[in-house]
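One structure below.
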Amino acid sequence: MRIPSPRWLESELRDGSDIASVSFCLGEHGGQMKRGEHITLEIDRLNAKGDGVGICDGREVVVPRAVPGDRALVYLRRKRKGRFEGVIDDLIEPGVERVDPQCVHFGVCGGCRWQDIAYEDQLQIKETLVRRLVAERDLPVALWRPILPSPVQDFYRNKMEFSFGSSQDGTPQLGLHMRGRYNRVFDLETCWLQSEISNRIVDSVRTHATQLGLPVYDLRSHEGLLRFLVVRDAKRTGQVMVNLVVARYPDDGVDALLEAVLADLHEEITTCIVTLHSGKAQVALGEEEFHVRGDGHMWERCGEMEYAISARSFFQTNTLAAERLYETVCELAGDLVESDVLDLYAGTGGMSLHLARLARSVTGVESVSEAVDDARRNAERNGITNCRFVGALAEDLLADAVGEPLRYDLVVVDPPRAGLHKKAKRGILDLGPGRLLYVSCNADTLAEDLRDFVDGGYEILVAQPVDLFPHTPHCEIVVSLRRTQDWNPHSTD
Ligand SMILES: C[S@@+](CC[C@H](N)C(=O)[O-])C[C@H]1O[C@@H](n2cnc3c(N)ncnc32)[C@H](O)[C@@H]1O
């Protein structure tokens, strides 16, 4: 790996390098740093999104895929809100050793940012990051446990969302988003995240969409047809769900496309859905669902439970690692024999059903009505009778319960990445359960919420990171808290 020196740079520039100018940090630059330039930069930390950050001339430079300890020649591609964003042009001295990424799309694709870092090193970097984000808020944690690895690192996802795009000649593209380009898609050849079947489904859909000349939905004109392909692939049962999201339906072209795809993959696809999404928001959801094959559900097994999952319902994306997550939740929940549990953000009942085997009762709260229906079906399928599910926003349910004699011994929360709504935090503090379990996929919002619980009189007993997302900077964290004598329900005011 080359080490730049002034002499090296001189010869690069003399030899017609396209590097316009290179500056050294720190402080050697004279405050003239500009977009389009190169700098050498030491990465000293990761930000909450998992991007490397270094300081040059007193300004932050954010460099995706860089990790602490890296020294790199960085191209400054843009400046936003006083902060530069750069890309590594040459890794001069790696902070951790890099390995050959197995994916042909590495670097272009917006996913698998850390595929060139050995898995052991990924785990260590994640663990350091989550611990730092919690420590930065001055939160005492009695016990940090070492991160639990994912049992599988390739083909671990049970759900993938592929986007349609148009190539320059107008033919349909189908794949994933280019890194940092939310309106640009590249044609996916092979992805190591989901499964070999999923790669074949993508190929079949793209081939037939091209042959049939079906138009791709255009983000600017809002014309066209094809928007997303969502594939769900159950790791324990082998069931496969295909969900095509389109801008209009019924439509002969869509029917012809799915007929051809189902003929190609007759044996593999268990259920096939068309989702009509005529709105402008670029999300793989819609206003109506049509079942083309099967009943619109996929069955997955996770731990000892079986789960029906419908197209709109949440399910943990890494089934095998979710088994470890649920084991951790049950273990940290402690003795529940005489306990009533409130599981907020329950999804299809993933945690609720596991906890119900141990508790006197569990109440799961979930906002998506299809997921609530799935969760009820799942309780029945698994013979669980002490678990009920309520369709509501967690914050509304808690706010409406003010003054009611609600009593829960344990509250479990597993909110989306944005963390807890202020009203939900307030509602939980008002309830004042003796124990609280917070499950989070975002250490930054977790730390912010933990601050409020600690200020409200809770202490943090254990924090356990669990890796559900190999090759990315993300992981789940399970945190157990206990109410102390300083409990103060009004602390988030
Ligand atoms: C991270 S998932 C947790 C799922 C579940 N704990 C599991 O392990 O499968 C978050 C869930 O919260 C639901 N959700 C999002 N906002 C919500 C809200 N304000 N109130 C209730 N549920 C909500 C989502 O639909 C999703 O199912």
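Being crowded, with 19+ Cβ neighbours inside 10 Å, within 12 Å of the ligand (Cβ to nearest atom) and over 13 Å from Val134 (Cα atoms) is the requirement here; does Val478 meet it? Spelling it out, it is not the case that Val478 is crowded, with 19+ Cβ neighbours inside 10 Å, within 12 Å of the ligand (Cβ to nearest atom) and over 13 Å from Val134 (Cα atoms). When the strands (runs of 3 or more DSSP E) confined to segment 61-153 are screened for residues that are over 29 Å from Phe453 (Cβ atoms), those reaching at least 2 such residues are found at 71-80, 83-93. Within segment 39-52, the set of residues being over 23 Å from Ser440 (Cα atoms) and either surrounded by fewer than 19 Cβ atoms within 10 Å (Cβ to Cβ) or touching a helix residue (DSSP H, G or I) at 6+ places or on another chain (Cβ under 9 Å) (or both) comprises just one member, Asp44. Counting only strands (runs of 3 or more DSSP E) wholly contained in segment 388-468, the ones carrying 2 or more residues that are away from the ligand (no atom under 12 Å from the Cβ) and not basic (Lys, Arg) occupy 410-413, 458-466. Reported count of residues in segment 162-176, each being farther than 24 Å from Tyr119 by Cα, assigned to a strand (DSSP E or B) and not polar (S, T, N, Q), is 6.
Results for (1) within 9 Å of the ligand (Cβ to nearest atom); (2) part of a strand (DSSP E or B); (3) not assigned by TED's automatic domain parsing to the domain that holds Ser367, shown as yes or no for each residue.
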position: Arg312; (1), (2), (3): yes, no, yes
position: Ala322; (1), (2), (3): yes, no, no
position: Glu327; (1), (2), (3): no, no, no
position: Glu338; (1), (2), (3): no, no, no
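When the residues of segment 367-387 are filtered to those that are among the acidic types (Asp, Glu) and in contact (Cβ under 8 Å) with a residue 40 or more places away in the chain, the one that is farthest from the ligand (Cβ to nearest atom) is Asp373.
Look at (1) within 20 Å of Gln173 (Cα to Cα); (2) touching a residue at least 24 places away in the same chain (Cβ under 8 Å); (3) of a type in the set (D, E, K, R) and you find that Arg236 fails only one, number (1).
Taking the criterion of being more than 29 Å from Thr319 (Cβ to Cβ), part of a loop (DSSP other than H, G, I, E, B), modelled with pLDDT of 95 or more and touching a helix residue (DSSP H, G or I) at 6+ places or on another chain (Cβ under 8 Å), would at least one residue in segment 190-198 satisfy it? Looking through segment 190-198, none of the residues is more than 29 Å from Thr319 (Cβ to Cβ), part of a loop (DSSP other than H, G, I, E, B), modelled with pLDDT of 95 or more and touching a helix residue (DSSP H, G or I) at 6+ places or on another chain (Cβ under 8 Å). Every condition in (1) at pLDDT 95 or above; (2) surrounded by 18 or more Cβ atoms within 10 Å (Cβ to Cβ) is met by Asp100 except one, and the failing one is (2).
Exactly one residue out of Asp44, Asp18, Asp57 is on the phi < 0 side of the Ramachandran plot and modelled with pLDDT of 55 or more, and it is Asp44.
Within segment 281-305, the set of residues being more than 14 Å from Tyr249 (Cα to Cα), of a type in the set (D, E, K, R) and over 23 Å from the mean Cα position of the chain (by Cα) comprises Arg293, Asp295, Glu304. Pairs under 9 Å by beta carbon, first residue on the phi > 0 side of the Ramachandran plot in segment 423-436, partner assigned to a strand (DSSP E or B) and surrounded by fewer than 23 Cβ atoms within 10 Å (Cβ to Cβ), six or more apart or different chains? These pairs meet every condition: Gly432/Arg483.
Listed here are the residues, each with its yes/no results for (1) charged (D, E, K, R); (2) touching an Asp or Glu at 6+ places or on another chain (Cβ under 7 Å); (3) crowded, with 19+ Cβ neighbours inside 10 Å; (4) over 26 Å from Leu219 (Cβ atoms).
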{"residue": "Val231", "(1), (2), (3), (4)": "no, no, yes, no"}
{"residue": "Gly238", "(1), (2), (3), (4)": "no, no, no, yes"}
{"residue": "Val245", "(1), (2), (3), (4)": "no, no, yes, no"}
{"residue": "Asp255", "(1), (2), (3), (4)": "yes, no, no, no"}
{"residue": "Ile269", "(1), (2), (3), (4)": "no, no, yes, yes"}
{"residue": "Val274", "(1), (2), (3), (4)": "no, no, yes, no"}
{"residue": "Leu285", "(1), (2), (3), (4)": "no, no, no, no"}
{"residue": "Glu288", "(1), (2), (3), (4)": "yes, no, no, no"}
{"residue": "Arg301", "(1), (2), (3), (4)": "yes, no, no, yes"}
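Per-residue answers, yes or no, for (1) in a loop (DSSP other than H, G, I, E, B); (2) under 19 Å from Glu323 (Cβ atoms); (3) touching a Phe, Trp or Tyr at 6+ places or on another chain (Cβ under 6 Å):
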| residue | (1), (2), (3) |
| --- | --- |
| Val341 | no, no, no |
| Gly347 | yes, yes, yes |
| Ser352 | no, yes, no |
| Leu355 | no, yes, no |
| Thr363 | no, no, no |
| Glu370 | no, no, no |
| Ala375 | no, yes, yes |
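The values are calculated or read from the model by the stated rules, or taken from the named source; none is laboratory data. Everything numeric here is computed off the predicted structure, so don't read it as measured data. Glycine also receives a Cβ, built like all others from the backbone with ideal geometry; neighbour counts cover every protein chain displayed.
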